[in-house]
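Asks: Input: one structure, supplied below.
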Amino acid sequence: MAKKIIQNPRGTRDILPEEQRYFDFIYAVADAESRRSGFDKIETPIIEDASLFERGVGKDTDIVEKEMYTFKDKSGNVLALRPEGTASVVRSYIQNGMQNLPKPLKFFYYGPMFRYGRPQAGRYRQFYHFGVEIIGDKKPINDLLAMSLMWRICSNIGLTDISLQINSIGCPNCRPKYKKQLLEYIKESNKNICKDCQRRAKKNPLRVLDCKEASCQNTIEGAPVTLNSLCKDCHDHFRELLEYLDELEIGYELNPKLVRGLDYYTKTVFEIWTKSDGGQNSLGGGGRYDGLIELLGGKPTPAVGFSLGVDRIVDLLKNQKIEIPATSEKADVFVAQLGDVAKKKCIRLMHDLHMEGVGAEGCIEKKGISDQLKMANKLGVPITLLIGQKEAFDNTVIIKDMQSGNQEIYPREKVVREIKKRLNSAGD
């Protein structure tokens, strides 16, 4: 009886080499743009204490209540696979004494996140985020810095027809007034909202505005808007931010229904949308979270950040047939051989080339020179190095220019230096 083939868990996938180049490209663009803007990379564990997200993200959010992967380790500790990155960065900031460093601190990170949900197109249980956090400054210029960085990353990746959605959801001073207005409105419309929203309304009525169920859309459309209930501080903060966006000529849309799905957000919230398949799809977003650090045990510290859904962007690049640059980490030289002695010489030659930073590839197991040259042509290398039995005994190497077809014989000890010289000249 044939053994059952073990497959990857539902909602996860293998990212094969052909698709990996999209991920590498997105990470490279995001990494370069972040570093140019003064951000430093930070990396946190994939597993965290589950209470970090219960306190930080919110016990009653869908992420913690329905989607978070939790388990007990052998010591009985309740751990969680991280469902998002902000709470982890804040935990690291507090734990590692970064509160005493000059502000603002600017971090970026990328890696896998985990949420249990119904798998569907573009939505996985293990998914990938690129995120940014700016910690320690309450001024709206930092909101702008986050938004403009997110905009530049998406633009430089090659995405078009994108829009910045923006709203302010107020602060602990003015939000209670708005929540009261919204709750009164929801009670009047209670029969027209889904069961999840009826439950949400009792705990955090703002989350009703984030519902995607068709049955709730008409009700949400007529709901009061947060912008009409802002206190002076929140109003002035938002007005100044919009003035900055106008100065940069970044197109934005005021979206009074935008609230985001996490409890820690205050004041500014934003998302970047793209038109795809006839509808609006969010590629990522973020906002200000001025109370989160204090909530997790640190000193009161303002902060703002965002994350981008890398899987969604990869799917968009492929669906829209957006060309991405070929990777530069490819072979510059192909090493071909004929005979057992030549094979050993080739192995050493490739090693020496690699040690000098030259991309070299060869197919040591192939015996025929013609088959090896076909492979060199397929790789598109400019130079092929050939070692046959005669060259192996003479300690020489044939350097073949793949474009002109010219061949020259060089002493083995001079080959690596000559190859580097030719490649450098070609790059000038």
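Asks: Please give the Cα centre distance for segment 213-254 versus segment 352-389, rounded to the nearest Å.
Replies: Segment 213-254 and segment 352-389 have Cα centres separated by 59 Å.
Asks: For Thr396, what residues show an amide H to amide H distance below 5 Å, using hydrogens built from the backbone and excluding near sequence neighbours?
Replies: Residues meeting the criterion, in which the H sits 1.01 Å from N, are Arg412.
Asks: Under 24 Å between alpha carbons, and skipping anything fewer than 8 positions from Lys390 in its own chain: which lysines qualify?
Replies: Candidates past the 8-residue exclusion: Lys343, Lys344, Lys345, Lys366, Lys367, Lys374, Lys400, Lys414.
Asks: Sorted from largest down, what three extents in whole angstroms do the Cα atoms of segment 333-427 have along their principal axes?
Replies: Each principal axis gives a Cα extent; for segment 333-427 these are 34, 28, 23 Å.
Asks: Take the cross-link list Lys106/Lys420; Lys59/Lys179; Lys106/Lys177; Lys138/Lys195; Lys139/Lys195; Lys139/Lys257 and give me the ones stretching past 30 Å between alpha-carbons. All intermediate terms of the calculation are to be shown ahead of the outcome.
Replies: Numbers: Lys106/Lys420 39 Å; Lys59/Lys179 19 Å; Lys106/Lys177 33 Å; Lys138/Lys195 37 Å; Lys139/Lys195 39 Å; Lys139/Lys257 24 Å.
Over 30 Å Cα-Cα: Lys106/Lys420; Lys106/Lys177; Lys138/Lys195; Lys139/Lys195.
Asks: Give, as a single signed number, the net charge of other residues whose beta carbon lies under 10 Å from the beta carbon of Gly111, with Lys and Arg counted +1 and Asp and Glu -1.
Replies: 0
Asks: Which FRET efficiency, nearest 0.05, do Lys232 and Arg21 yield, Cβ-Cβ r, R0 45 Å?
Replies: Working: r = 50 Å, r/R0 = 1.12.
Taking R0 as 45 Å, the efficiency between Lys232 and Arg21 is 0.35.
Asks: Against the longest principal axis of the chain, how steep is helix 140-157, in degrees 0 to 90 to the nearest 10, with axes from Cα atoms?
Replies: Value to nearest ten degrees: 40.
Asks: To the nearest 0.05, what FRET efficiency results for Tyr69 and Asp196 with a Förster distance of 22 Å applied to their C-beta separation?
Replies: Numbers: r = 21 Å, r/R0 = 0.94.
According to the calculation, E is roughly 0.60.
Asks: Quick one: order Thr44, Thr86 by neighbouring beta-carbon count within 10 Å, fewest to most.
Replies: Exposure proxy ranking, most exposed first: Thr44, Thr86.
Asks: Which ³J(HN,Hα) values, rounded to whole Hz and listed in residue order, are derived for segment 16-32 from phi using the Karplus coefficients 6.51, -1.76 and 1.60 in 6.51 cos²θ - 1.76 cosθ + 1.60 with θ = phi - 60°, glycine and proline given as x?
Replies: So the J values, rounded to whole Hz, are 6, x, 4, 7, 4, 5, 5, 4, 4, 5, 4, 4, 5, 5, 5, 4, 5.
Asks: Another question, then. Once the piece of chain linking Lys257 and Arg10 is laid out straight, how much longer is it, given 0.36 nm per residue of separation minus the C-alpha distance between them? It would help to have the intermediate numbers written out before the result.
Replies: On the way: separation 247, 0.36 × 247 = 88.92 nm, distance 3.28 nm.
Result for the pair: 85.6 nm of gain on full extension.
Asks: When Lys and Arg each count +1 and Asp and Glu each count -1, what net charge do the other residues less than 14 Å away from Ser148, Cβ to Cβ, add up to?
Replies: Details: positive: Arg36, Lys106, Arg152; negative: Glu33, Asp143, Glu243, Asp246, Glu247, Glu249.
After counting each charged neighbour, the total is -3.
Asks: Moving to a separate point now. Short version: ³J(HN,Hα) in whole Hz for each residue of segment 6-12, in order, from phi by Karplus 6.51 cos²θ - 1.76 cosθ + 1.60 (θ = phi - 60°), x for Gly and Pro, what are they?
Replies: After applying 6.51 cos²θ - 1.76 cosθ + 1.60, I find 6, 10, 5, x, 4, x, 10 Hz.
Asks: Here's a follow-up. Step through the residues of segment 221-229 one at a time and calculate ³J(HN,Hα) from phi using the Karplus curve (6.51 cos²θ - 1.76 cosθ + 1.60, θ = phi - 60°), rounding each to whole Hz and writing x for Gly and Pro.
Replies: Computed from phi, the couplings for segment 221-229 are 4, x, 5, x, 9, 5, 4, 7, 10 Hz.
Asks: Here is a further query. State whether segment 197-305 is rounded, prolate or oblate according to the following rule on the C-alpha gyration tensor (a ≥ b ≥ c being the square roots of its eigenvalues): a/c under 1.5 gives rounded; otherwise a/b larger than b/c gives prolate, and the remaining case gives oblate.
Replies: On the way: a/c = 1.59, a/b = 1.13, b/c = 1.40.
Because a/c hits 1.5 or more and a/b fails to exceed b/c, segment 197-305 counts as oblate.
Asks: Moving on to the next point. Which value, in debye to the nearest 20, gives the size of the charge dipole of the chain about its Cα centre, when Lys and Arg are +1 and Asp and Glu are -1 at the Cβ?
Replies: Numbers: 65 positive and 58 negative charges, 274 e Å.
The dipole of the chain has a size of about 1320 debye.
Asks: Add +1 for every Lys or Arg and -1 for every Asp or Glu among the other residues with Cβ under 14 Å from the Cβ of Lys414, and state the total. Please report the intermediate quantities before stating the final value.
Replies: On the way: positive: Arg412, Arg417, Lys420, Lys421, Arg422; negative: Asp352, Glu356, Glu391, Asp394, Glu408, Glu413, Glu418.
Value of the local net charge: -2.
Asks: Turning to a different aspect of this structure: At a Förster distance of 51 Å, what's the computed FRET efficiency of Glu356 paired with Glu188, Cβ-Cβ distance as r, to 0.05?
Replies: Values: r = 75 Å, r/R0 = 1.46.
Efficiency for this residue pair is about 0.10.
Asks: So, one more: For Arg125, what residues show an amide H to amide H distance below 5 Å, using hydrogens built from the backbone and excluding near sequence neighbours?
Replies: Under 5 Å from the amide H of Arg125: Thr12.
Asks: With a 10 Å cut-off between alpha carbons and a GNM built on the chain, which of Met68, Met98, Met402 moves the most?
Replies: The residue with the greatest mean-square fluctuation here is Met402.
Bear in mind that the values in this text are calculations on the coordinates, not laboratory data. Worth saying up front: this structure is predicted, and the values here are computed from it rather than measured. Here the Cβ is made from the backbone with ideal geometry for all residues, glycine too, and neighbour counts use every protein chain on show.
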